[in-house]
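A.B. asks: Sharing a structure below in structure tokens format, with a few things to ask.
The values are calculated or read from the model by the stated rules, or taken from the named source; none is laboratory data. Given the structure is predicted, the values throughout are model-derived calculations rather than measurements. Positions of Cβ are generated from backbone atoms using ideal geometry, with glycine treated the same way; all protein chains shown enter the neighbour counts. We work out accessible area using only protein heavy atoms, side chains counted, and drop any ligands, DNA or RNA first. Shrake-Rupley method; radii C 1.70, N 1.55, O 1.52, S 1.80 Å.
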Amino acid sequence: MYTITLVPGDGIGPEVTEATCKVIAAAGVNIRWERFEEVGYAGIEKQGQPLPDEVLNSIHRNRLALKGPVTTPVGGGFRSVNVSLRQKLDLFVNLRPCKRLPGIKTPFPDTDLVIFRENTEGLYSGIESYDERLEIADSIARITRRGSQRILRYAFEWVTANQRRRLTAVHKANVLKLSTGLFLEEARSIAQDYPGVQFDHLIVDNMAMQLVIQPDTFDCIVTTNLFGDILSDLCAGLVGGLGIVPGANIGEDAAVFEAVHGSAPDIAGQSKANPTALIRTSALLLHHMGEAEAAMRIERAVWRAYAEGTSLTPDVGGTASTEGMTDEIVRLVTDHCA
Ligand code: NAI
Ligand code: MG
């Protein structure tokens, strides 16, 4: 029996986390969930803070969490709970594998990308100020040598351990010479320790264009926080959309598993949310826990659900509800003839 923190989040969060917990249970892994609903707006309303200490304490204790998306107000309001959580727990890796599922029509069906996004610094450092008198706003893109080294080292190690072929570092060192220049300098230096990995680097705007016209020529991508955020939504779009792409935030002491997508207020509460992204995220969680067989069963069940194509949500071309798709994946997970 494992104890894991569960943050359902808001918007479509509760719908997709409920679906995911059902699928994990069907895969036979016994988990006692420590559940925290009061984060984000609900945290402010009920406890006066968007990210209550009890949530952080629970993740510190359990070292693992499954998390749904949490809405962040645009412009003013409270700071992103998602960004704060990653920084407070020092979850410096944001791993986002983007691979198509059967039946999804895309111009580049062989696209199979893994993004490593630095998750704690860069333009998301939270160093922001506004000078009322001069009417000037500053957001500081702080990049540290240590922060760059650890994400780059993690990416090179992962590429080697998973027998991938190529790692592309993405930067803007032509203009942001000091901050992303430091990241590039470390990338070039660490690459020398990994002669088996085909290493190259590209400027982010060029990378965005290359990803749209020939994504299947790339393999793994490592980049700073803001670029990783933007490029991972782009890569999700290349393989079928945000409804299918999983993710993991990993640090030395804890890991928080969450999909790439947000709270999708446009479809929340309508049973239209695709649970696939968080279900695949749970397979990453189970792998991380050493429950490889259960993880494989979930991955295989998702694969089969897409190959059949009869119980898919509207974002991937079907007419099923969130529950309908979940029930089908649960059935396939428990189908021992699989
Ligand atoms: P979003 O990712 O929530 O939605 C973008 C588009 O993708 C929408 O059309 C939505 O309907 C669709 N979509 C997303 N997930 C889907 C799913 N599972 N199934 C079917 N369709 C799906 O991005 P948006 O609208 O920019 O952000 C909404 C809120 O989410 C904002 O408050 C933002 O700050 C927050 N957010 C939270 C994240 C997190 O908790 N890690 C990550 C990204 C955004
Ligand atoms: Mg994002």
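A.B. asks: Select, from Ile230, Ile213, the only residue that is surrounded by fewer than 20 Cβ atoms within 10 Å (Cβ to Cβ), outside the structural domain of Arg86 (by TED's automatic domain parsing) and within 14 Å of the chain's Cα centre (by Cα). Before you say what the answer is, go through the steps one by one.
C.D. replies: Working: Ile213 fails: within 14 Å of the chain's Cα centre (by Cα).
Within the list Ile230, Ile213, the selection yields Ile230.
Quick grid of which residues meet (1) of a type in the set (Lys, Arg); (2) open to solvent by less than 40 Å² (accessible area, probe 1.4 Å); (3) assigned to a helix (DSSP H, G or I):
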| position | (1), (2), (3) |
| --- | --- |
| Lys272 | yes, no, no |
| Ile279 | no, yes, yes |
| Leu285 | no, yes, yes |
| Val302 | no, yes, yes |
| Ala305 | no, yes, yes |
| Ser311 | no, yes, no |
| Asp315 | no, no, yes |
| Glu323 | no, no, yes |
| Val333 | no, yes, yes |
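A.B. asks: I've got another one for you. Say we look at region 47-73 and pick out the residues that are small (Gly, Ala, Ser) and assigned to a loop (DSSP other than H, G, I, E, B); which of these is farthest from the chain's Cα centre (by Cα)? Please lay out each step first, then the result.
C.D. replies: Going residue by residue through region 47-73, those that are small (Gly, Ala, Ser) are 48, 58, 65, 68.
Subset that is assigned to a loop (DSSP other than H, G, I, E, B): 48, 68.
Details: Gly48: 27, Gly68: 11 Å.
It comes out as Gly48.
A.B. asks: Looking only at region 63-73, count every residue that is away from ligand 1 (no atom under 12 Å from the Cβ) and without any contact (Cβ under 8 Å) to a residue 60 or more places away in the chain and tell me the total.
C.D. replies: The qualifying residues number 0.
A.B. asks: Note down all Cβ pairs under 7 Å where the first residue falls in region 281-300 and is closer than 20 Å to His261 by Cβ, the second is open to solvent by 50 Å² or more (accessible area, probe 1.4 Å), and they're at least six residues apart or on different chains.
C.D. replies: Within 7 Å, the pairs are Ala283/Glu299.
A.B. asks: Can you tell me which residues in region 197-209 are touching a strand residue (DSSP E or B) at 6+ places or on another chain (Cβ under 7 Å) and open to solvent by 60 Å² or more (accessible area, probe 1.4 Å)?
C.D. replies: The initial filter retains those residues of region 197-209 that are touching a strand residue (DSSP E or B) at 6+ places or on another chain (Cβ under 7 Å), namely 197-204, 207.
Result: Gln198, His201.
A.B. asks: Tally up the residues in region 22-41 that are more than 13 Å from ligand 1 (Cβ to nearest atom), open to solvent by 20 Å² or more (accessible area, probe 1.4 Å), out of contact with any strand residue (DSSP E or B) (no Cβ under 7 Å at 6 or more places or on another chain) and not in a loop (DSSP other than H, G, I, E, B), please.
C.D. replies: 3
A.B. asks: Given the conditions (1) assigned by TED's automatic domain parsing to the domain that holds Pro275; (2) more than 16 Å from ligand 1 (Cβ to nearest atom); (3) over 23 Å from Leu286 (Cα atoms), and given that Thr111 satisfies all but one, which numbered condition is not satisfied?
C.D. replies: (1)
A.B. asks: How many residues are open to solvent by less than 80 Å² (accessible area, probe 1.4 Å) and under 17 Å from Arg150 (Cβ atoms) when one looks only at region 176-196? Please lay out each step first, then the result.
C.D. replies: Here is the first cut: in region 176-196, the ones open to solvent by less than 80 Å² (accessible area, probe 1.4 Å) are 176, 179-184, 186-187, 189-191, 194, 196.
After this cut, where a residue has to be under 17 Å from Arg150 (Cβ atoms) as well, the list is 179-180, 182-184, 186-187, 189-191, 194.
Adding up the residues that qualify gives 11.
A.B. asks: Looking at Ile44, is it in a strand (DSSP E or B) and among the β-branched types (Val, Ile, Thr)? Don't jump to the end; show me each part of the working.
C.D. replies: Details: in a strand (DSSP E or B): no; among the β-branched types (Val, Ile, Thr): yes.
For Ile44, the condition - in a strand (DSSP E or B) and among the β-branched types (Val, Ile, Thr) - is not met.
A.B. asks: Report whether or not Val330 is under 13 Å from the mean Cα position of the chain (by Cα) and over 30 Å from Ile203 (Cβ atoms). Spell out the reasoning first.
C.D. replies: Numbers: under 13 Å from the mean Cα position of the chain (by Cα): no; over 30 Å from Ile203 (Cβ atoms): yes.
Here the answer is no, as Val330 does not meet what is asked.
A.B. asks: Now for a different question. Mind counting the residues in region 107-139 that are among the basic types (Lys, Arg) and surrounded by fewer than 21 Cβ atoms within 10 Å (Cβ to Cβ)? Please lay out each step first, then the result.
C.D. replies: Kept after step one, since they are among the basic types (Lys, Arg), are these residues of region 107-139: 117, 133.
Pick out the ones that are also surrounded by fewer than 21 Cβ atoms within 10 Å (Cβ to Cβ) and you get 133.
Adding up the residues that qualify gives 1.
A.B. asks: Ok, one more. With (1) more than 30 Å from His60 (Cβ to Cβ); (2) surrounded by fewer than 16 Cβ atoms within 10 Å (Cβ to Cβ) as the list, and Asp253 as the residue in question, which single condition is left unmet?
C.D. replies: Of the numbered conditions (1) more than 30 Å from His60 (Cβ to Cβ); (2) surrounded by fewer than 16 Cβ atoms within 10 Å (Cβ to Cβ), the odd one out for Asp253 is (1).
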